[in-house]
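The values are calculated or read from the model by the stated rules, or taken from the named source; none is laboratory data. Model, not experiment: these values are computed from the prediction. Quick reminder, even Gly has a Cβ in these numbers, built from the backbone with ideal geometry, and neighbours come from all protein chains shown.
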Ligand code: UDX
């Protein structure tokens with residue numbers, strides 16, 4: 001099929017590249033001409049394992065191209081996928097202005113029956129608004145389909161090929177058939193429904209996953225009080241297939257460009273509809289407290305954080321991405337700086353401040369060892385493989401002096417910490433080799 005993808009962010013680029021890979025002829029467009037030039041040269045503007053290789057292959061075989069010429073991109077296409085950003089407004093509402101802009105251009109350009117697919121995460125009712133907008137600007141036949149995307153950053157390619165479902169929200173069977181056909185080579189089960197339900201499925205799914213995370217994080221707090229081990233509790237719970245083990249990893253909570261934004265949006269949507277989502281409010285509050293749970297452990301261990309040398313291990317909001325949007329690392333760094341600590345940071349991929357004022361206040365280490373050498377306290381914030389597989393024994397043997405480990409993602413087994421003889425604090429589990437609060441190390 002002849003496909004156009006509007007927007008070359010995470011969802012748009014991965015969608016465009018993988019549609020080309022399964023045999024469609026794809027044009028990707030974006031208003032950012034510098035980005036389009038980069039992409040045409042085969043450069044991916046963000047870190048996503050496996051994406052560049054697929055992109056270059058499809059650029060070379062001619063099934064994928066990038067352009068800013070929207071007339072060319074929109075005129076004679078079977079399907080146009082809208083995958084532009086839908087950022088949060090300060091009140092939590094969703095800013096759909098990029099969608100409106102894109103749809104307006106599409107409506108003015110189409111010259112044959114076109115299926116317009118909304119892949120961006122949009123508030124319930126947006127697809128209907130989009131239909132009304134297009135109707136005002138064209139005499140061409142068209143259909144609108146809501147087709148939310150569920151891929152995760154860091155494993156986007158894997159997720160596209162191994163998705164659990166493709167949700168198609170359409171009022172037209174013709175359009176739903178076309179979108180089903182479009183995805184056929186992925187072999188993913190298709191669920192067809194109405195557009196409003198499709199729009200809500202996306203928000204409800206993300207909110208449910210976030211709920212699992214906050215739930216296990218509350219259990220972690222309780223485990224600390226009751227002397228239980230949250231990893232064992234999560235494992236035991238996950239064995240029940242009605243519960244399932246994914247998204248029960250206790251830690252510093254969720255960040256990134258989706259969960260926090262989507263939860264704010266869902267709360268706002270509910271409020272506007274005079275409905276109250278009490279559970280989801282609590283989910284959000286629990287999550288906001290997560291960085292402080294670990295920071296409190298530091299405060300308890302050191303009488304003062306002033307001039308304490310702290311290593312932040314991992315900056316991205318999760319492993320295998322360079323995305324620092326709503327990353328917990330930034331909240332922790334801000335608080336530590338406020339308390340007078342000095343910071344060194346290490347992340348396998350995020351190695352520059354890129355204009356971020358919080359990151360600019362820290363020194364970047366070239367290696368994990370360099371960070372550990374300098375730090376009196378080390379906080380594991382993101383569980384990159386390189387970080388989680390760093391031998392605990394080396395923490396203190398390879399470094400010039402002792403660093404105390406605060407593991408925000410429970411990367412190590414407690415027995416391992418005991419064997420290594422390190423002073424080790426994690427989440428929802430007993431401390432290992434705990435010592436009394438002191439100024440000792442940095443006085
Ligand atoms: C999420 C959804 O998973 C995806 O379906 C949707 O399309 C976009 O939003 P993403 O934000 O890329 O994807 O990452 P995800 O793997 O879901 O993790 C989100 C956050 O939750 C991360 O900060 C991660 O560290 C945290 N998390 C995840 C936990 O704290 N514990 C867990 O058990 C799982």
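Side notes on the structure shown:
- Test: residue in the range 41-52 that is out of contact with any strand residue (DSSP E or B) (no Cβ under 6 Å at 6 or more places or on another chain), surrounded by fewer than 20 Cβ atoms within 10 Å (Cβ to Cβ) and in a helix (DSSP H, G or I): yes
- Options 124, 145, 106, 130: the member that is more than 16 Å from the ligand (Cβ to nearest atom) and more than 19 Å from residue 202 (Cα to Cα): 106
- Subset of the range 1-30 that is in a loop (DSSP other than H, G, I, E, B), away from the ligand (no atom under 16 Å from the Cβ) and under 23 Å from the mean Cα position of the chain (by Cα) - its residue that is surrounded by the fewest Cβ atoms within 10 Å (Cβ to Cβ): 30
- Here residue 428 meets the list (1) at positive phi; (2) touching a helix residue (DSSP H, G or I) at 6+ places or on another chain (Cβ under 6 Å); (3) without any contact (Cβ under 8 Å) to a residue 12 or more places away in the chain almost entirely, failing just condition (3).
- Residues in the range 346-392 that are within 28 Å of residue 437 (Cβ to Cβ), away from the ligand (no atom under 16 Å from the Cβ) and buried (at least 17 other Cβ atoms within 10 Å of the Cβ): 14 in all.
- Looking only at the range 312-323, and only at residues there that are in a loop (DSSP other than H, G, I, E, B) and more than 11 Å from the ligand (Cβ to nearest atom), the one that is nearest to residue 390 (Cα to Cα): 315
- Subset of the range 258-276 [part of a loop (DSSP other than H, G, I, E, B) and in contact (Cβ under 8 Å) with a residue 24 or more places away in the chain]: 258
- Residue, farthest from the chain's Cα centre (by Cα), within the range 334-380, restricted to residues that are under 29 Å from residue 10 (Cβ atoms) and assigned to a strand (DSSP E or B): 343
- Taking the listed residues 255, 251, 238, the one that is within 12 Å of the ligand (Cβ to nearest atom) and either without any contact (Cβ under 8 Å) to a residue 60 or more places away in the chain or assigned by TED's automatic domain parsing to the domain that holds residue 335 (or both) is 238, with no other qualifying.
Here is a yes/no grid of residues against (1) more than 30 Å from residue 316 (Cβ to Cβ); (2) surrounded by fewer than 20 Cβ atoms within 10 Å (Cβ to Cβ):
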{"position": "98", "(1), (2)": "no, yes"}
{"position": "108", "(1), (2)": "yes, yes"}
{"position": "114", "(1), (2)": "yes, no"}
{"position": "129", "(1), (2)": "yes, yes"}
{"position": "153", "(1), (2)": "no, no"}
{"position": "168", "(1), (2)": "yes, no"}
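- From the list 293, 331, the one residue that fits, being within 20 Å of residue 212 (Cβ to Cβ) and either within 16 Å of the ligand (Cβ to nearest atom) or in a helix (DSSP H, G or I) (or both), is 293.
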